[in-house]
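First comes the structure, then the notes that go with it.
The values are calculated or read from the model by the stated rules, or taken from the named source; none is laboratory data. Predicted model only: the values in this text are computed from it and were never measured. Heads up, the Cβs are rebuilt from the backbone with ideal geometry, glycines too, and the neighbour counts pull from every protein chain shown.
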Amino acid sequence: MSMELELVPAGLAHALEDLLLVDHHVHGATSHDLSRTAFEDLLGESDRPVPDWMTRFDSQLGFAVLRHCAPVLGLEPFCPPEEYLARRARIGAKEVNRLLLGACGVGHFLVETGYRAEELLGPSGMAQASGAPADEIVRLEMVAEQLAGSGCAAADFAERFAEALWERTRSARGLKTVAAYRCGLDFDPARPTATEVAEAAGRWFEEGGRLRDPVLVRHLIWTGIDRGLPLQFHIGYGDPDVDLRRSDPLLLRGLIELAEPTGVPLLLLHCYPFHRNAGYLAQAYPTVFFDVGLAVNHAGARAAALLAESLEVAPFAKILYSSDAWGPAELHYLGALLWRRGMARVLGEFVAEEEWSVPQAVRVATMIGAENARRVYGLGG
């Protein structure tokens, strides 16, 4: 977008600045200090080591850290990475988290705890560090794998999983599946039979390892739908463990239609580079919602372009804000800041072109930033 932030209408700029966001899909901040290598590893989605001839600070996300996070830690914008990391190490992880999480302007975190949770702040830790309420999103695959490790018999898996899920989600706000990682989204959408589930569980218990069997993934999803909580799906962008070709949300059309009578909200997360496909599904099906979290951070100075594309065809009541931050609190802070700046540019241009009014722009920003998530997850406020 060509529009400078100072040209954004004052009413819109102030509304975005004051808006307490609901980060409807986020992970905890790192609870310990990070070396330079560990920090740089978390500035990208690759699971391979950073080559010694490059640095991940030379990326949109790396530049955004030095531009926007440095002042929060008491440094000049655009300081060298060495200076930034030295400052970070000097004040320590607890203070870094307090400063950056406290500056997010997030009014509620929904924290997914299913991946390497022992390294991160949990919901209570996030609430303490940020001063904002935090609730849990439970990963289906984690519950199943914990159950398998308890010595469950294959014939009992279906019943035991349903019981375990209900117990594990007594205070949870939603569920998540990483089916895109485990088997791809091109699975048979139908609910599997009890015999199919028992046979698949038997194979899994015998082979061991992570849950990858499509029959069991389907069973987890349908049990999650039976639970009745909003169900999040990883879509698109992620580390190389996901086959991007099989993570297009259009592959979920059959499941969406079969699950539609239940009324359970299906939340498509991240979605890049399939965010336009997600927007179509959100328009076509009443139970589908989506966000462009994660990609906003990695797009950095180009975040406004991504946000503009997310606003093309989807009803505005079907789009949510998320950061999908995992690890460094810089990602939580930048998710919120880049979203606000990007939305200011996009909506400000609509107003400047006399396509939208300022009140319309403020209302849509408020819907996407907070109100839609409060409605979907029953957060009140």
Open item on the list: Just checking, does the stretch 170-191 include any residue being among the basic types (Lys, Arg), over 27 Å from Pro133 (Cβ atoms) and surrounded by fewer than 22 Cβ atoms within 10 Å (Cβ to Cβ)?
Closed with: yes
Open item on the list: Please list, ordered by residue number, the helices (runs of 4 or more DSSP H) wholly in the stretch 78-157 having 2 or more residues that are within 30 Å of Gly202 (Cα to Cα) and either free of Cβ contacts under 8 Å to residues at least 24 places away in the same chain or not charged (D, E, K, R) (or both).
Closed with: 140-148
Open item on the list: Tell me whether the stretch 336-346 contains one or more residues that are under 19 Å from Pro249 (Cα atoms), modelled with pLDDT of 95 or more and within 15 Å of the chain's Cα centre (by Cα).
Closed with: no
Open item on the list: As an exercise: evaluate Pro71 against (1) free of Cβ contacts under 8 Å to residues at least 60 places away in the same chain; (2) farther than 22 Å from Trp339 by Cβ and give the number of the one condition it does not meet.
Closed with: (2)
Task: Residues that are surrounded by 17 or more Cβ atoms within 10 Å (Cβ to Cβ) and closer than 13 Å to Ser46 by Cα, drawn from the stretch 237-257 - done: Tyr237, Gly238, Val242
- [ ] Please state which of the following conditions Gly238 fails to meet, knowing it meets all the rest: (1) closer than 30 Å to Pro49 by Cα; (2) without any contact (Cβ under 8 Å) to a residue 60 or more places away in the chain; (3) in contact with an Asp or Glu (Cβ under 8 Å, 6 or more places away or on another chain).
- [x] (2)
Task: Members of the stretch 304-363 that are assigned to a loop (DSSP other than H, G, I, E, B) and either under 20 Å from Gly44 (Cα atoms) or touching a Ser or Thr at 6+ places or on another chain (Cβ under 6 Å) (or both) - done: Ser322, Ser323, Asp324, Ala325, Trp326, Pro328
- [ ] Give the residues of the stretch 337-381 that are small (Gly, Ala, Ser) and exposed (fewer than 15 other Cβ atoms within 10 Å of the Cβ), sorted by residue number.
- [x] Ala352, Ser357, Gly378, Gly380, Gly381
- [ ] Within the stretch 29-43, identify whether any single residue is in contact with a strand residue (DSSP E or B) (Cβ under 8 Å, 6 or more places away or on another chain), crowded, with 20+ Cβ neighbours inside 10 Å and under 22 Å from Ser322 (Cβ atoms), and answer yes or no.
- [x] yes
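Out of the residues in the stretch 76-126 that are small (Gly, Ala, Ser) and touching a Leu at 6+ places or on another chain (Cβ under 9 Å), which is surrounded by the fewest Cβ atoms within 10 Å (Cβ to Cβ)? Show your work before the answer.
In the first step, residues of the stretch 76-126 are kept if they are small (Gly, Ala, Ser); the result is 86, 89, 92-93, 102-103, 105, 107, 114, 117, 122, 124-125.
Now narrow it down to the ones that are touching a Leu at 6+ places or on another chain (Cβ under 9 Å): 89, 93, 103, 105, 107, 114.
Working: Ala89: 15, Ala93: 19, Ala103: 18, Gly105: 18, Gly107: 19, Gly114: 19.
If we take residues in the stretch 76-126 being small (Gly, Ala, Ser) and touching a Leu at 6+ places or on another chain (Cβ under 9 Å), then Ala89 is surrounded by the fewest Cβ atoms within 10 Å (Cβ to Cβ).
If you go through the stretch 157-166 one residue at a time, do you hit one that is among the aromatic types (Phe, Trp, Tyr) and at pLDDT below 95?
Looking for residues that are among the aromatic types (Phe, Trp, Tyr) and at pLDDT below 95, one finds none in the stretch 157-166, hence no.
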Open item on the list: Pairs please, first residue from the stretch 181-200 and charged (D, E, K, R), second anywhere and surrounded by fewer than 17 Cβ atoms within 10 Å (Cβ to Cβ), Cβ atoms under 6 Å, 6+ apart in sequence or on different chains.
Closed with: Arg182/Arg212; Asp186/Arg246
- [ ] Could you tell me whether any residue of the stretch 48-61 is outside any loop (DSSP other than H, G, I, E, B) and more than 20 Å from Ala93 (Cβ to Cβ)?
- [x] yes
Task: Members of the stretch 223-259 that are in contact with a strand residue (DSSP E or B) (Cβ under 9 Å, 6 or more places away or on another chain) and not hydrophobic (A, V, I, L, M, F, W, C) - done: Gly224, Arg227, Pro230, Gln232, His234, Gly236, Tyr237, Gly238, Ser247, Asp248, Pro249
